[in-house]
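Where a number appears in this text, it was derived from the coordinates with a stated rule and is not lab data. The model shown is predicted, which means the values in this text are computed figures rather than measured ones. Backbone-built Cβ (ideal geometry, glycine too); neighbour counts: all protein chains shown.
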Amino acid sequence: MTELFGLNVTEIGEVLRPFQVPDYRARQIAEWIYRKGATDFSEMMNLPKAMRHKLSMAFTISRPRLASQWVSSDGRTTKYLLAFADGEAVEAVRMRQSYGNSICVSTQAGCAMGCTFCASTLHGVRRNLTVGEMTGEVLFIEEQLRASGEKIDTMVLMGSGEPLMNYDQVLAFLRLLHEPYCLDFGYRNITLSTSGIVSGIERLREEKIPLTLSISLHAPNDEIRSRLMPVNRRYPIREVVAAGRDYANVTKRRVTYEYILIDGVNDSEEQARELAALLRGQMASVNLIPINPVAERHLFRPATEVIQRFEAVLKRHHLAVTIRREMGSDIQAACGQLRNQYKDQHRNFDETP
Ligand code: SAH
């Protein structure tokens, strides 16, 4: 059996070739599986019955299954745990913002990056998600929203995983979402977040698609960054920032630097000045994120005054700064927390075969 879900219309045409169906059928099938949510050929009413039968013997159309769901107390954030056929599960989040619905999507089951503050990486990476699995996350939420007359407006790749470590599938997934027979989703409404894989940023720069790039910086220098993010030993901070600058210059799109504020680690005024110097002259903005504490790591959030002081220093140096509004912390919406909880409850979930 060949999996259809995740293929673009050209690829569907290719896998249909042995069945000698006319080319336009590929487009019809693509519309059925992506726009109309069909998971069974019997639903595809504009296909001849004999063809439906034949295709159903050769192809599967797999969608993730909802394993659990949490709604925040204010009702604005919903977190879904979606399970795939092999038992792996990832989180996807829907946030109702003032400007519409924003979703957060996972690109890998687990993560290999080893950032000390992040729950997604506590058990390493299990595997890359496929194009179909990532598309399944998005369409699952889109279909939920559609039922109440809403839609997805923006998307961030900030769930579990490092998108640039799953480069080809992530790009194919974004291109598929952009197709008119899928969601016709605008690239400008997508933010790809990376821990700073320089080679991937360079490749992305040449794709000529207007994504927003977000770089997880979290420190103003190599010493602190290497402590928090092992990836910094491979791609030191200056190379990361240089790659961000080139990305902005080539794409003419402003890069966002994410900066988690951690009490006593990276939140002093001196460090704010160091950060400002590092980003000087760059078309960039900084998004300050008070850390979502991860108990296992003993990392805590700074006092409000400390956060405000940090922000003020950056502004004084003419950097565009925002402080991330928190949503869903009462439902463990921080990366990976839910998956870990699920794993604890389902003892076989993460055991190496
Ligand atoms: N691997 C990619 C995308 C997934 S992480 C990346 O590193 O960017 C998405 C964002 O959540 C990153 O900025 C990451 O640093 C941040 N994050 C992870 N753990 C967090 C925590 N405990 N509190 C706040 N933000 C966190």
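Quick notes on this structure:
- Spacing of the modelled spin labels on E274 and E11, each 7 Å from Cα toward Cβ, amounts to 4.4 nm.
- Between amide H atoms placed 1.01 Å from N, distances below 5 Å from Q97 occur with S102, all of them 5 or more places distant or on a separate chain.
- Degrees, to the nearest 10: 269-279 long Cα axis against longest axis of the chain: 50 degrees
- Taking a quarter of the surface of the Cα convex hull of the chain gives a mean projected area of 18.6 nm².
- Here R245 and K54 are evaluated by their C-beta separation; at R0 = 56 Å the FRET efficiency comes out at 0.55.
- Among the trypsin sites (Lys or Arg not before Pro) in the range 122-198, those placed in a DSSP loop whose Cβ has at most 16 other Cβ atoms within 10 Å are K151.
- Cα shape, the range 116-269, gyration tensor, a/c 1.5 rule: prolate
- Ordering Y247, A312, M229 by Cα displacement along the dipole of the range 224-313 toward the positive end leaves Y247 in first place; charges were set at the Cβ atoms of Lys, Arg (+1) and Asp, Glu (-1).
- Degrees separating the helix 131-146 axis from the principal Cα axis of the chain, which is the longest one: 90 degrees
- Calculated mean residue ellipticity, 222 nm, the chain: -10000 deg cm²/dmol, from DSSP H runs (n ≥ 4) at -39500 (n - 2.57) each, averaged per residue and rounded to 500.
- Long-range HN-HN contacts of V294 with modeled amide H, under 5 Å: L299
- With a simple spin-label model that places each label point 7 Å from the Cα along the Cα-to-Cβ direction, the separation between S68 and D263 comes to 2.7 nm.
- Against the main long axis of the alpha-carbon atoms of the chain, helix 304-316 sits at an angle near 90°.
- Taking max minus min of the alpha-carbon positions on each principal axis, the range 52-118 gives extents of 47, 32, 21 Å, largest first.
- Sparse-neighbourhood loop sites, trypsin sites (Lys or Arg not before Pro) in the range 238-329 - DSSP loop, at most 10 other Cβ within 10 angstrom: K252, R325
- Proximal charge balance of E143 [Cβ under 13 Å; K/R count +1, D/E count -1]: +3
- A Förster radius of 45 Å combined with the Cβ-Cβ distance from D184 to H298 puts the calculated FRET efficiency at roughly 0.50.
- Per residue, the average separation of C-alpha pairs within less than 8 Å and at least 6 apart gives the chain a relative contact order of 15 percent.
- In sequence order, calculated HN-Hα J values of the range 207-212 (Karplus, 6.51, -1.76, 1.60; Hz; x Gly/Pro): 6, 6, 10, x, 6, 8
- The range 179-233-the range 40-107 distance, computed between alpha-carbon centres (Å): 25 Å
- Convex hull of the range 1-102 built on C-alpha atoms - directionally averaged projected area, nm²: 8.3 nm²
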